[in-house]
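Okay, so here's the structure we're looking at.
The values are calculated or read from the model by the stated rules, or taken from the named source; none is laboratory data. Small disclaimer: the values here were computed from a predicted structure and weren't measured. Here the Cβ is made from the backbone with ideal geometry for all residues, glycine too, and neighbour counts use every protein chain on show. Accessible surface areas use protein heavy atoms only, side chains included; no ligands, DNA or RNA. Shrake-Rupley method; radii C 1.70, N 1.55, O 1.52, S 1.80 Å.
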Amino acid sequence: MSAIWTHYQPLSAEGSTAMVPKLWTGDPTVPGLIYCHGYATTNREPLANAASDAIAMWKLIARIAEDRPVLSCDFGLDAWGNASAVSKVTSAVAHLRATYGVHPSKVFLFGQSMGHLTAMNWAAQNKAQVAGVIGSMGVADLKHIHDLTNPEGGYLYRASIDAAYTNGYTDAQYGAAHNPIVNAGTKYAGMPWLDLYGTGDTVASPARAEALKTAIGSTARTIPVAGTHNWPTIDNYPVDEVLGFLNDNS
C-alpha cells in the first residue's frame, strides 16, 4: 500500500477526516470522493481508525485514497439522508475541490449503509456533478428500514429516522426527495452506481438494492458477497472491482 496522509478536521464547519495520497499535488482530471458514514458512527470511524472493528472498511478506503483524495464528514451524524445532510455534502464537495485540486465539476460519493441515503439524495439533486456512487450495504429503501421490527443486531431504527425528519418519516411526505427507491426514475438515469452487499443482510435489504438497480437501469450494478450487515462482510468485497468502477468512471 502506498503512503497516504490523514488530515483531521480539515473542514472546520463539520467533523471531518481526509485521506490523501502522500505525493498528491493536485490533478484536475481526477474526481475526489466523499465518504458518507453509517448509523451510529462518525467521520473518523472507520476512516481513520485502523484499530477499530471497522478495519475492513479502513483498508478499502485507504486503498481508494492511494489514487484520489477522500473526505469524510459527519453530515449531521444520524441524519438518514435528510435535507440538512444533503446541504452539508454540498459544502464538503466545495471544500474537497478547493483544497485538494481534484476534478472541478465531478465527484464520487461512497455511502456506507445509512450514508448511502445521503449520497444518493445529493446525487439526485446534483446528477451532472456525479461521476458515480458506490454503496456498501447501502440502504436503498428508507421506508423499509424505518419499518423493520426484527433487524440483524437488534437495532431498531424507527425512532432515529423519525427524529431526523420533522413530524416523523413517511414516504408520502418525504419519499420523493429522500428515499432512493421512490425517487429513482429519471433522477438517476445514466448515473454509474455500484452497490455491494452481504447476501444475508436483513437490514439493508438485498431485494431492495436489486429493485433500485432495476430502477436506475443499465448503468447500475450490484455485487452480492457472503455476509450480513456488519463490518467483516467488507473483507469479501472484490477490491479490484471497486477500484475499476472508480477508474472507469473518472
For the range 146-180, what are the residues that are of a type in the set (Val, Ile, Thr) and at pLDDT 95 or above? ILE161, THR166, THR170
Consider ASN43 against the criteria (1) in a loop (DSSP other than H, G, I, E, B); (2) farther than 28 Å from ILE161 by Cβ; (3) polar (S, T, N, Q): it satisfies all of them except one. Which criterion is unmet? (2)
Kindly provide the set of residues from the range 73-103 that are under 28 Å from THR29 (Cβ atoms), in a helix (DSSP H, G or I), open to solvent by less than 60 Å² (accessible area, probe 1.4 Å) and touching a helix residue (DSSP H, G or I) at 6+ places or on another chain (Cβ under 9 Å), ordered by number. VAL86, VAL89, VAL93
Single unsatisfied condition, VAL70 versus (1) within 24 Å of ALA164 (Cα to Cα); (2) crowded, with 19+ Cβ neighbours inside 10 Å; (3) at pLDDT 95 or above; (4) aliphatic (A, V, I, L, M): (1)
Of the residues TYR174, TYR188, TYR157, which is among the aromatic types (Phe, Trp, Tyr) and either surrounded by fewer than 14 Cβ atoms within 10 Å (Cβ to Cβ) or within 17 Å of the chain's Cα centre (by Cα) (or both)? TYR188
Residues of the range 125-145 being assigned to a helix (DSSP H, G or I) and surrounded by 22 or more Cβ atoms within 10 Å (Cβ to Cβ), which ones? LEU142, ILE145
Can you pull out every residue in the range 25-48 that is crowded, with 18+ Cβ neighbours inside 10 Å, modelled with pLDDT of 95 or more and more than 14 Å from the chain's Cα centre (by Cα)? VAL30, PRO31
So the check is Cβ under 7 Å with 6+ separation or different chains; which pairs have a first residue in the range 223-243 that's on the phi > 0 side of the Ramachandran plot and a second one that's open to solvent by 70 Å² or more (accessible area, probe 1.4 Å)? GLY227/ASN236
